[in-house]
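The structure appears below as structure tokens.
The values are calculated or read from the model by the stated rules, or taken from the named source; none is laboratory data. Keep in mind the model is a prediction, meaning the values are calculated, not measured. Backbone-built Cβ (ideal geometry, glycine too); neighbour counts: all protein chains shown. These area figures cover heavy atoms from the full protein model, side chains too; ligands, DNA and RNA do not enter into them. Shrake-Rupley method; radii C 1.70, N 1.55, O 1.52, S 1.80 Å.
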Amino acid sequence: MPYLNDMPLEARLAMLNRRDAGRQPQDILKPALALLDQKIALVSSFGAESAVLLHMVAQTATKTPVLFIDTMMLFRATLTYQKSLTKHLGLENVTHISPDPGRVFLQDNEGLLHQSNTDACCTLRKVEPLQQALTPFSAWITGRKRHQSATRTDMAIWEADETGRLKLNPLAHWSKDDINAYFETHNLPRHPLTDNGYPSIGCAPCTFRARPGMDDRAGRWPGQSKTECGIHLPVKPRNA
């Protein structure tokens, strides 16, 4: 199959991106989920726009592994939304991922690490737990979109992470209007914080309301040059 063959990684990514250019997300997802059955996981924050991709996956394969990173610093509304949306969509294989309690005790016992070193906090609470959880998988799916921020405008549909694992962004080319139309067409429930000025929702201490006209992710780590938590930092493809 083109996803996991012996072709060098850069060539494989180029082939997949050529093939899927112009395709709708559902047409990208269906063959990937079928051919990578149980070898591919959807990583979801259950945030502002997450319901769209979760619905697409649920319509195709309800048993697809979904990895939800609970950093232990999320909004209570996100935890409530995660439970209700999982039930609403009929998702059957959602796994909660949390940071290692021992490492949290040693590095952030008071829960204040984000005030002095946001990168270290994200690594402890998001990057390391996800890296561990992805170990059994050959590929993963994200809900990132080019319209979300200036740092994502050139994002490809198919990428690779630092391990050479395939990374699929089926919504990469969708606009804000596309997302809103899908919500309305399928009558999907919204994250409760979106009506309060939160177009992107992460951990409570580092997420704020964004002013109108700003990037969707402008409310994340405001006042800092930081734009990503670390699980989506650009990685130059290398041969598998």
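Quick notes
- Screening residue 98 against (1) without any contact (Cβ under 8 Å) to a residue 12 or more places away in the chain; (2) within 22 Å of residue 191 (Cβ to Cβ) leaves a single unmet condition, (1).
- Given (1) β-branched (Val, Ile, Thr); (2) open to solvent by 10 Å² or more (accessible area, probe 1.4 Å); (3) over 30 Å from residue 102 (Cβ atoms), index of the condition residue 69 fails: (3)
- Every residue from the range 185-212 that is more than 27 Å from residue 56 (Cα to Cα) and part of a loop (DSSP other than H, G, I, E, B): 208, 209, 210, 211, 212
- Looking only at the range 72-92, and only at residues there that are small (Gly, Ala, Ser) and at negative phi, the one that is least open to solvent (accessible area, probe 1.4 Å): 77
- Among the residues of the range 158-176, those identified as modelled with pLDDT under 95 and either farther than 18 Å from residue 3 by Cα or in a loop (DSSP other than H, G, I, E, B) (or both) are 161, 162, 163, 164, 165, 172, 173, 174, 175, 176.
- You will find that of 27, 70, 108, the residue that is touching a residue at least 24 places away in the same chain (Cβ under 8 Å) and either more than 17 Å from residue 201 (Cβ to Cβ) or acidic (Asp, Glu) (or both) is 70 and no other.
- Members of the range 183-207 that are open to solvent by less than 20 Å² (accessible area, probe 1.4 Å) and over 18 Å from residue 68 (Cβ atoms): 183
- Among residues that are at pLDDT 95 or above, within 26 Å of residue 131 (Cβ to Cβ) and assigned to a helix (DSSP H, G or I), residue 42 is not included.
- Tally of residues being farther than 12 Å from residue 50 by Cβ and either of a type in the set (Val, Ile, Thr) or in contact with a Leu (Cβ under 9 Å, 6 or more places away or on another chain) (or both) across the range 187-201: 0
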